[in-house]
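First comes the structure, then the notes that go with it.
The values are calculated or read from the model by the stated rules, or taken from the named source; none is laboratory data. Source: prediction; values computed, not measured. We place every Cβ from the backbone using ideal geometry, glycine too, and count neighbours over all the protein chains shown.
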Amino acid sequence: MFPPRTRCLIVACGNTLRSDDGVGPWLAEWAERQFAAEPAVRVIVRQQWTPDLALDLAQCDSAVFVDCAIDVPAGEVRIDNVAPLPSQGGVATHHTNAAELLALCQELYAALPRSALLLTIGAGSIEIGEAFSPAVSASLCEARDLLADTVRRLLSEQAG
């Protein structure tokens with residue numbers, strides 16, 4: 001029923017025209033270049049996470065969601081485990097969070113990634129603009145390195 005599994009799926013979210021909200025797509029573009037020679041890594045970039053991504057999640061061993069966060073200090077980089085959590089208001093057609101996507105994946109396909117992580121960078125500004133705030137600009141190297149280390153660790157764990 002499913003094509004071959006993706007070992008590590010990076011799913012980034014954000015709007016490049018809303019300042020720091022574009023950090024997810026920026027990191028995804030970097031990851032595409034960084035892991036271009038690694039067929040086990042797949043990158044998906046969206047302005048918003050939508051329910052159709054549940055199928056991609058059902059076909060991966062591990063998932064790393066990447067997004068900005070308005071509820072953490074600007075420039076702070078975090079990575080946390082994500083578990084399935086059904087939406088309290090039903091499935092949204094315009095925006096779904098990582099936990100809701102995992103719940104949908106489980107419900108529709110009876111499958112989940114073995115590991116699901118959410119990498120967030122605290123947003124300083126989500127106003128109209130194409131430049132990152134000083135706080136996010138200062139954290140880009142840390143976020144990039146954390147993403148690379150996380151992907152390599154996940155691939156290594158799957159191999160061992």
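Among the residues here, Val23 does not qualify as assigned to a strand (DSSP E or B), modelled with pLDDT of 90 or more and of a type outside the set (Asp, Glu).
State yes or no: is Leu118 surrounded by 14 or more Cβ atoms within 10 Å (Cβ to Cβ) and not hydroxyl-bearing (Ser, Thr, Tyr)?
Yes.
Checking each residue in segment 121-155 for being in contact with a Pro (Cβ under 9 Å, 6 or more places away or on another chain) and either in a helix (DSSP H, G or I) or over 30 Å from Cys60 (Cα atoms) (or both) picks out Gly124, Ala135.
In segment 30-54, what residues are surrounded by fewer than 21 Cβ atoms within 10 Å (Cβ to Cβ) and in contact with a helix residue (DSSP H, G or I) (Cβ under 7 Å, 6 or more places away or on another chain)? Before the answer, list the steps.
Filtering segment 30-54 down to residues surrounded by fewer than 21 Cβ atoms within 10 Å (Cβ to Cβ) leaves 30, 32-40, 42, 44-48, 50-52.
Answer for segment 30-54, where residues must be surrounded by fewer than 21 Cβ atoms within 10 Å (Cβ to Cβ) and in contact with a helix residue (DSSP H, G or I) (Cβ under 7 Å, 6 or more places away or on another chain): Trp30, Gln34, Phe35, Ala40, Ile44, Val45, Pro51.
Look at segment 131-152: where a residue is more than 12 Å from Asp20 (Cβ to Cβ) and at pLDDT below 95, no partner that is of a type in the set (Gly, Ala, Ser) and surrounded by fewer than 20 Cβ atoms within 10 Å (Cβ to Cβ) sits 6+ places away or on another chain with Cβ atoms under 6 Å. When Arg78, Arg46, Arg18, Arg114 are checked against the criterion of being under 21 Å from Arg153 (Cα atoms) and touching a Gly at 6+ places or on another chain (Cβ under 9 Å), Arg78 stands alone in meeting it.
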